[in-house]
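The values are calculated or read from the model by the stated rules, or taken from the named source; none is laboratory data. On a predicted model such as this, the values are computed, not experimentally measured, just so you know. Note that we place each Cβ from the backbone using ideal geometry, even for glycine, and neighbour counts take in every protein chain shown.
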Amino acid sequence: MRSLFEKRENRLIIWRLLPLLIFQLIWLGAIAQKQVSGTITDAGGNPLEGATITLKGTTTVVVSDDRGKFSIPVQSGVLIFSHVGFQEQEITISSQSQLSVKMLTDQSSLSGVVVVGYGKQSRELVTTAISKLDTTVLKNVPFTNPAYALQGTLPGVRVTSTSGQPGAAPLIVVRGGTSFDPNTSYPLYVIDGVISPDLTAINSNDIESIQVLKDAASTAIYGARGSNGVVIVTTKSGKAGRAQITYNYNLGFSNYTSKMKMLDARDFIYYNRLGIQMAAVKWPFFEAILSSPLSAGTGNDLTNNTFYTTQYLTPENQHKLNEGWESMPDPIDPTKTIIFKGTDWRDVMFRTGVTNNHNITASGGSDKGNYSISVGYMDVKGVAIQTGYKRLSLNTKGELKLRDNLKVFSNIRYAGDMSDKVSDESNIFGRMLQVAPTVKYAFEDGTLSQGQNGGKGNPLYRTGLFVGGSEATNAAFTVGGQWDIIPGLSFMPQVSLLTRNSTNRLFVKSNYDGLNYDQTRSASESRKGYKQQGADAVFAYNKSFSGVHNLEVTAGYSYLKTEETSLSASGRGAATDLIPTLNASAIPVGVSSARTYYTYMGFFGRINYNYDQKYLVSLNSRYDASSNLGTKHKWGYFPGISVGWNVHKENFWAPLADAINQLKFRASYGVNGNVNALGAYQAQGSYSGGAVYGGRAGILNTGLSNDELKWEQTKTFDLGVDLSFLNNRVGVTADYFKRVTSNLLSSRTLPQSTGFGSILTNLGTLQNKGIELAAYVQPIKPTKNFQWNLSFNAAYVKNKIVKLPENGAPKNRIGGEYVWDNKTNSYEWLGGLQEGGVMGELYAFQQIGIYQTDAEAAKAPYDILPEGTDKTKFAGDVIFLDNDKNDTIDNRDRIYMGNIYPTWTGGISSTVSYKGFSFIVRLDYMTGQTIYNYMRATTTAQLAGDLGLNSDVAHSWLKEGDQTDIPRLYYGDWQYNIGRGTSPYYEKGNYLALREVTFSYDLSATLLKRTGLKGLRINVSGQNLHYFTKYKGINPENGGTDNGSYPISRNFLFGATISL
């Protein structure tokens, strides 16, 4: 059946309706039903923004504005006032029309309202695992991607900064993921009710709340897409009351920081020449390098034909000593003098980054409707030269009441961004930091030196060769409404259109690679498009019986269709560097395009029941279909159930109420599905065009079909407890979970006779277990003027492989290392993927010492790994553990080094407030991950030759008696002391990050009275200030191999917010 969205006429109706609705939303009536208005303040009389006011037993909810004001339509009933960090209050409405509500501090884990799938719920009645972000995090730091605000703030939500590139998205994994590679377990994002691929291009200034649904019972209502958790984002809406305008500005400065220190040119020459000399003892051909035109050789001169500055002092070059060059005795022949010019390439390639961020918001409304319009502009110049990020964002929301029981709303969200990125982070930031300090910066004629070759050349020259960038536009359009059919029964339809378009361009100028002139002038351009059409129809019913039986029922239908397009082309042979576009390319190289459709639909329902708010039951279910599954398994059913008990509401609890103010037990079980790893047509088999056979165009079968492919299925059991005591000054939330994901999509190896290497099947099972803890405390009893709030969260997760596809190997092993196992006293396959094991294990050689004399080294076990047939060991070489004790060092002697995935994550925050002053400190931590510091290994061992050396080399072994763990340096590491992968370079990435320090001041109304301003807030903030870690590389956050990435910058920000 063709979707209504496929019909041109209906699309035109939607597009014509949007401007009309926006016009209606701005035009607000003045006559309404009875409104209750008022102001909400804290104990000190300061207005509270973001307090939630709910008409009990209904879905009518409003939020207070930045002046604490609210207005809500109500004839009679009970209003519930809630705000994170404050005690919930209930006020019965009869004839009142104006209220003044003063809220008392309460960090109770049971206070506030949370957004759940297709609705909201009082936290006291929530029976599932849901974490809500304290939006204070969003006030001070302008995030290029708001996902960074989750870093260390929510238990069980691991947020990893994998790149410091402005605009780059972090990695988010909830509860350890549901894949054999947890880092590919992306959560589902829902922004203002619209499913979105990620949080890219969302202005953090527009966000009102962020919730993360973590267990299967809470995510079951999202069915097949909720197995990796659900991140729900709600943007700010207009509030009833006088129109207000708010302007926010941030100015930031960013600095490059790195723990890896490099040798300067003098020490580099000294140790590198000694390393060349030592290599020549065993391999005499290295002797010639000492006089060659290389990084520490003396064969360089002042012409454009050599690329390093090292050379012997002669009458022809001695004038350079008057031009800033330096001199030193040759460590090989002290009778000769070497002159050189050193360059710290980090000073060349990094700068002070500058951020300018502007936001202006206009909002207002009346009893007939409300509106909010915000515009933001961000301009970030990265700490690395030629990198940056710009974004223009727009967010408009409006709501119009057509009748007392009927309202409509619309939302338009747009962002356009431009990003200047490096072509390859590992190459630029890995190689760049390793470039020898003796590389010529410029020739004598003032032109930039290109360097020896692309990998060892002048990084300033290399980065200047690339012309291009990326642009993207993101837009979302939503129209919906709410029809209160009868008291307690509402119908809420919504349709949405989300589009994303991106363009990436790259042109490589003609250039010298060493002495070779390359005029290829390659050019490429790629464009990607994403269009998502969605529709939701939701019925909600709320009813209370006899004052103690409370029932909420939600049921609905959801439809989603996506279309992805891509187009790319490449060419070469342009006549000039002045025209970087494809049309200048004389020779076409390639062109490709693709178009993919995906359709997803489902029916869902939820029943919440509580008896007198004591005994709580919630049932969630979803029945989903996906177009990319086999015909036999397109539909799947995903149920969830949760229960809770508010013990503190029992009569028998009264004697304990002063000691333990609130206590709730929770339990949940649910089933989710997932097909994120499945391409749109993999179940049907894949084909590729463009092949030529017999001189004619052909179609090539590239993948086998599998009509039996079905949903991955995740079953989660969760036990939780929420409690608070000491008059709600201390609170704790704890969860234990066990999650088993079966039918994992895995590749099964096929016999060569089939003509295919593998086929995708459902043959894997993975288990995650973990605990989560969140706590808060007010160390000092809050007063009118002073408050101090501390919070802490921690999460532990451990994975286990339960089942893998049958492949004939023991434990159905995939990959791994064949090493000696001391537990079984035999050789075993360890690591890799195998049943009963874990993912991400690392194995390497254990360094146990350094040989002090040649005589001691002569007694070393036979080592098969050094280059060549001569395996002689020398003083200064590494002593390796002969794990299997067979007097031979080979790959079977490697031992376990650690795991690339963390086990513990969490964060700590402290907020101290005195009158209008606030002082905020945020920290986050991660432990358990192991990182192979490849950059440190290569710059300690001179693995590639002619690269820079790090400061560890200054402590390397030189003579008998040296006590060090750094072996003697060999040019090219031909003894393979380090390059084989050794234990000192498998470092723990454990860290504690000082993520934010903010000092702010809100000017009082008295001080602003004569200015005409409604509010003025100023703040000074520091972000990413320091990592407390023993890791010696660039970024301790990302486990695995560190071969270079855009560094995380330290940021200092100055901000001001003005309200009119």
- Message: Cβ-Cβ distance below 9 Å, separation of 6 or more or different chains: which pairs start in region 950-961 with a residue that is of a type in the set (S, T, N, Q) and end on one that is in a strand (DSSP E or B)?
- Response: ASN950/MET262; SER951/MET262; SER956/ILE966
- Show the residue pairs that are 6+ apart or on different chains and have beta-carbon atoms under 9 Å apart, the first residue being within region 812-829 and closer than 18 Å to GLY840 by Cα, the second being among the charged types (D, E, K, R) and loosely packed, with under 12 Cβ neighbours inside 10 Å. ASN812/GLU806
- Query: Do any strands (runs of 3 or more DSSP E) lying entirely in region 321-401 carry at least 3 residues that are in contact with a Ser or Thr (Cβ under 8 Å, 6 or more places away or on another chain) and either among the hydroxyl-bearing types (Ser, Thr, Tyr) or in contact (Cβ under 8 Å) with a residue 24 or more places away in the chain (or both), and which ones are they?
  - Reply: 337-340, 353-366, 369-381
- Give, as residue ranges, the strands (runs of 3 or more DSSP E) completely inside region 853-935 that count at least 1 residues that are of a type in the set (Val, Ile, Thr) and either surrounded by 22 or more Cβ atoms within 10 Å (Cβ to Cβ) or within 20 Å of the chain's Cα centre (by Cα) (or both). 878-880, 904-914, 917-927, 930-932
- Query: With respect to the numbered conditions (1) modelled with pLDDT of 85 or more; (2) over 21 Å from PRO639 (Cα atoms); (3) of a type in the set (Gly, Ala, Ser), which one is the sole condition not fulfilled by ALA683?
  - Reply: (1)
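Report, by residue number, each residue of region 230-245 that is farther than 22 Å from VAL116 by Cβ and outside any strand (DSSP E or B).
Those that are farther than 22 Å from VAL116 by Cβ and outside any strand (DSSP E or B): GLY238, LYS239, ALA240.
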- Task: Would you mind finding the one in GLY365, GLY353 that is of a type in the set (Gly, Ala, Ser) and under 30 Å from TYR461 (Cβ atoms)?
- Result: GLY353
- Quick one: ASP718 ticks every box in (1) at pLDDT 90 or above; (2) more than 25 Å from ALA220 (Cβ to Cβ) except a single one, so which number is it? (2)
- Query: In this structure, does ASN248 turn out to be touching a residue at least 24 places away in the same chain (Cβ under 8 Å), surrounded by fewer than 22 Cβ atoms within 10 Å (Cβ to Cβ) and in contact with a strand residue (DSSP E or B) (Cβ under 8 Å, 6 or more places away or on another chain)?
  - Reply: yes
- Going through region 1034-1060 one residue at a time, which ones are in contact with a helix residue (DSSP H, G or I) (Cβ under 9 Å, 6 or more places away or on another chain), outside any loop (DSSP other than H, G, I, E, B) and not polar (S, T, N, Q)? GLY1040, LEU1053, GLY1055
- Query: If you take the residues of region 599-622 that are aromatic (Phe, Trp, Tyr) and under 18 Å from ALA540 (Cα atoms), which of them is surrounded by the most Cβ atoms within 10 Å (Cβ to Cβ)?
  - Reply: PHE604
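Listed here are the residues, each with its yes/no results for (1) crowded, with 18+ Cβ neighbours inside 10 Å; (2) of a type outside the set (Ser, Thr, Tyr); (3) in contact (Cβ under 8 Å) with a residue 12 or more places away in the chain.
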| site | (1), (2), (3) |
| --- | --- |
| GLN452 | yes, yes, yes |
| TYR461 | yes, no, yes |
| SER496 | yes, no, yes |
| ARG505 | no, yes, yes |
| GLY529 | no, yes, yes |
- Task: Those residues that are in a strand (DSSP E or B) and modelled with pLDDT under 80, I need them from region 64-88; list them, please.
- Result: GLY77, HIS83, PHE86, GLN87, GLU88
- Residue that is surrounded by the fewest Cβ atoms within 10 Å (Cβ to Cβ) [pool: residues in region 421-450 that are of a type in the set (Asp, Glu) and at pLDDT 90 or above]: ASP445
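Residues are listed down the side, and each one gets a yes or a no for (1) under 21 Å from ALA523 (Cα atoms); (2) more than 27 Å from the chain's Cα centre (by Cα):
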{"position": "GLY398", "(1), (2)": "no, yes"}
{"position": "LEU406", "(1), (2)": "no, yes"}
{"position": "ARG413", "(1), (2)": "no, no"}
{"position": "LYS421", "(1), (2)": "yes, no"}
{"position": "ASP445", "(1), (2)": "no, yes"}
{"position": "GLY468", "(1), (2)": "yes, no"}
{"position": "THR473", "(1), (2)": "no, no"}
{"position": "GLN482", "(1), (2)": "no, yes"}
{"position": "THR503", "(1), (2)": "yes, no"}
- Return only the number of the condition from (1) in a loop (DSSP other than H, G, I, E, B); (2) without any contact (Cβ under 8 Å) to a residue 12 or more places away in the chain that PHE285 does not satisfy. (1)
- Filter result for the condition that a residue is hydroxyl-bearing (Ser, Thr, Tyr), within 24 Å of TYR681 (Cα to Cα) and out of contact with any Cys (no Cβ under 6 Å at 6 or more places or on another chain), over SER585, SER568: SER568
- Message: Just checking, does region 387-399 include any residue being in contact with a helix residue (DSSP H, G or I) (Cβ under 6 Å, 6 or more places away or on another chain), of a type outside the set (D, E, K, R) and closer than 27 Å to MET492 by Cα?
- Response: yes
- Message: Checking the conditions here, which among TYR1027, TYR1031 is under 30 Å from ALA169 (Cβ atoms) and either out of contact with any strand residue (DSSP E or B) (no Cβ under 9 Å at 6 or more places or on another chain) or part of a strand (DSSP E or B) (or both)?
- Response: TYR1027
- Taking region 186-226 on its own, how many of its residues are of a type in the set (Ser, Thr, Tyr), within 15 Å of VAL157 (Cβ to Cβ) and crowded, with 24+ Cβ neighbours inside 10 Å? 2
- Item | Members of region 179-205 found to be polar (S, T, N, Q), part of a loop (DSSP other than H, G, I, E, B) and at pLDDT 90 or above, listed by number | ASN203
- Task: Find all pairs meeting these conditions: Cβ atoms under 9 angstrom apart; at least six residues apart or on different chains; first residue within region 792-811 and outside the structural domain of THR905 (by TED's automatic domain parsing); second residue crowded, with 20+ Cβ neighbours inside 10 Å and acidic (Asp, Glu).
- Result: ASN793/GLU772; ALA794/GLU772; ALA795/ASP735; ALA795/GLU772; TYR796/GLU772; VAL797/GLU772
- Message: The conditions are (1) farther than 19 Å from THR136 by Cβ; (2) surrounded by fewer than 19 Cβ atoms within 10 Å (Cβ to Cβ), and PRO779 fails exactly one of them. Which is it?
- Response: (1)
- Task: Pick out the one residue from GLU1037, GLU987 that is surrounded by 20 or more Cβ atoms within 10 Å (Cβ to Cβ) and within 22 Å of ILE908 (Cα to Cα).
- Result: GLU1037
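With the structure loaded, tell me whether SER544 is part of a strand (DSSP E or B), in contact with a Gly (Cβ under 7 Å, 6 or more places away or on another chain) and under 30 Å from LYS120 (Cα atoms) or whether it fails that test.
Spelling it out, SER544 is indeed part of a strand (DSSP E or B), in contact with a Gly (Cβ under 7 Å, 6 or more places away or on another chain) and under 30 Å from LYS120 (Cα atoms).
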